[in-house]
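To start, the structure under review is shown below, and the notes come after it.
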Amino acid sequence: MFGYRVPAPDEAMLISGGRRGLGGAPFRVVTGHGKFVLPVFRKVRFLTLSMCESEVTETCVTRQGISLHVRAVIAFKVGNDHESIINAGQRFLSDQEQMSVLTGRIFAGHLRAIIGSMTVEEIVTERQKLAAEVLDTSKTEMAKIGLIVDSLQIQSIDDGDTGYIDAMSAPHKAAIQRQAQIAQAQATQAAVEAEQAAARKQAEYARQTAIVKAEYSAEVDRAQAQSAQAGPLAQAHAQQEVLAAQTELAQRQAKLRQQQLVAEVVKPAEAEAERVRILAAAEAQRMKIQAEAAASYDRVALDRMLIDQLPQIVKEAAGGLAGANVNVLNGADGLGEIAAGLVSQGLTILDSVRQNLNGQDSEGRRPEENKVNDLIQLPASKEKKSDDGPVDVD
């Protein structure tokens with residue numbers, strides 16, 4: 001809209017003409033919103049509120065009289081309050097670039113003053129303390145011109161060709177170098193130990209790998225050997241089974257043949273032997289019966305013969321007594337006893353022959369025949385005895 005002005009977010013709009021601003025300022029300050037400005041009757045100017053930078057390079061002398069070249073950077077801006085905007089607007093509105101120049105000069109003066117009260121060691125080792133003191137001493141002066149400092153950074157401190165800072169830092173450098181060497185040695189040792197450990201681990205890994213490979217190779221070889229032997233082993237097992245089956249078949253055939261031989265040869269032979277044995281036993285029994293019958297017949301015949309010969313035996317015995325000188329003491333009774341004795345002797349001989357019917361002597365004669373012959377010869381012997389003298393008969 002015509003006559004309506006709006007400042008940027010990092011600007012302050014200064015309206016001059018008409019009423020005065022706060023505190024008797026020759027202009028009014030507008031920030032953050034727009035304002036209707038009558039053309040011709042009012043004049044509008046803008047003051048930047050953004051961050052500005054100023055660089056300071058200054059040669060300063062320390063309390064020890066040593067010259068130092070100091071380089072610093074200041075970050076500043078116009079304050080956000082109306083008083084700071086008014087102060088800065090009255091001083092820098094027509095030439096806002098002068099804010100950086102003036103700020104640099106102000107800080108250069110304060111920097112020389114503070115460094116002059118410090119030693120090189122303090123400046124080098126306590127840069128933050130130096131920056132804080134410079135800010136504190138310049139704050140009031142900067143506020144008067146409407147500026148505030150956000151930060152002050154000491155970028156470099158150099159003593160030129162004097163070599164004081166180098167000499168001052170030599171022990172530290174030596175210590176640092178020594179520490180660096182120690183650290184380097186430790187790092188080298190650690191690196192060597194790490195390399196050795198890595199080498200050991202690598203060797204161990206290689207060993208384990210070789211062992212595993214060897215185990216795998218051995219397992220593969222065993223599997224291949226088993227696979228190669230599987231066919232012959234299977235064939236051998238099959239042949240063994242065939243041989244076992246053939247052996248069993250042969251055994252069964254032998255057993256069957258044995259049974260056939262038993263049925264065809266042994267049993268008939270046993271039957272024939274039993275038949276022969278039975279026949280032999282029957283024949284032996286028959287011959288025994290015949291022998292017993294023959295023996296019985298011989299005894300009967302012998303008895304008959306003895307009976308038939310008994311009178312002759314008695315006769316011969318009596319004949320032996322005929323020439324003997326016999327004295328009969330008791331007359332007819334004694335003579336009867338003699339005759340009875342002769343008969344009794346003949347019967348005794350007959351019984352003895354019967355008992356020895358089955359025996360024969362070495363000449364093939366039976367005992368009873370010998371006995372008969374002896375009996376037959378008995379009268380003669382008695383006769384010879386009678387020659388010696390008379391026989392008394394009791």
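The table that follows gives values for the structure above.
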{"quantity": "Qualifying residue in region 96-117 (condition: in contact with a helix residue (DSSP H, G or I) (Cβ under 9 Å, 6 or more places away or on another chain), closer than 23 Å to residue 30 by Cβ and either part of a helix (DSSP H, G or I) or open to solvent by 50 Å² or more (accessible area, probe 1.4 Å) (or both))", "calculated": "yes"}
{"quantity": "Residue list for region 118-167, restricted to those being more than 29 Å from residue 25 (Cβ to Cβ) and without any contact (Cβ under 8 Å) to a residue 12 or more places away in the chain", "calculated": "122, 125, 126, 128, 129, 132, 161, 163, 166, 167"}
{"quantity": "Hey, residue 53 over 24 Å from residue 12 (Cβ atoms) and surrounded by fewer than 19 Cβ atoms within 10 Å (Cβ to Cβ) or not", "calculated": "no"}
{"quantity": "Boolean, residue 122 is outside any loop (DSSP other than H, G, I, E, B) and surrounded by fewer than 17 Cβ atoms within 10 Å (Cβ to Cβ)", "calculated": "yes"}
{"quantity": "Odd one out for residue 13 among (1) out of contact with any Pro (no Cβ under 9 Å at 6 or more places or on another chain); (2) open to solvent by less than 30 Å² (accessible area, probe 1.4 Å)", "calculated": "(1)"}
{"quantity": "Some residue of region 202-211 being free of Cβ contacts under 8 Å to residues at least 60 places away in the same chain and of a type in the set (Phe, Trp, Tyr)", "calculated": "yes"}
{"quantity": "Evaluation of residue 182 against (1) at positive phi; (2) in a helix (DSSP H, G or I) (one fails), failing number", "calculated": "(1)"}
{"quantity": "Of the criteria (1) without any contact (Cβ under 8 Å) to a residue 60 or more places away in the chain; (2) crowded, with 19+ Cβ neighbours inside 10 Å; (3) assigned to a strand (DSSP E or B), which one residue 70 fails", "calculated": "(1)"}
{"quantity": "Residue identified as open to solvent by 40 Å² or more (accessible area, probe 1.4 Å), assigned to a loop (DSSP other than H, G, I, E, B) and of a type outside the set (Val, Ile, Thr) among 161, 150", "calculated": "161"}
{"quantity": "Lone unmet requirement of (1) out of contact with any helix residue (DSSP H, G or I) (no Cβ under 7 Å at 6 or more places or on another chain); (2) open to solvent by 60 Å² or more (accessible area, probe 1.4 Å); (3) not small (Gly, Ala, Ser) for residue 82", "calculated": "(1)"}
{"quantity": "Residue 65 free of Cβ contacts under 8 Å to residues at least 12 places away in the same chain, more than 60 Å from the chain's Cα centre (by Cα) and assigned to a helix (DSSP H, G or I)", "calculated": "no"}
{"quantity": "Filtered residues of region 102-161 (kept if among the β-branched types (Val, Ile, Thr), closer than 23 Å to residue 83 by Cα and in contact with a strand residue (DSSP E or B) (Cβ under 6 Å, 6 or more places away or on another chain))", "calculated": "103, 149"}
{"quantity": "Unmet requirement for residue 176, which otherwise passes all of (1) over 30 Å from residue 92 (Cα atoms); (2) open to solvent by less than 60 Å² (accessible area, probe 1.4 Å); (3) hydrophobic (A, V, I, L, M, F, W, C)", "calculated": "(2)"}
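Here is a yes/no grid of residues against (1) modelled with pLDDT of 85 or more; (2) not charged (D, E, K, R):
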residue: 1; (1), (2): no, yes
residue: 5; (1), (2): no, no
residue: 91; (1), (2): yes, no
residue: 94; (1), (2): no, yes
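The values are calculated or read from the model by the stated rules, or taken from the named source; none is laboratory data. None of these values were measured; they are calculated from a predicted model. Here Cβ is always computed from backbone atoms with ideal geometry, including for glycine, and neighbour counts include all displayed protein chains. To get the accessible areas, we keep the full protein, side chains included, count just its heavy atoms, and leave off ligands, DNA and RNA. Shrake-Rupley method; radii C 1.70, N 1.55, O 1.52, S 1.80 Å.
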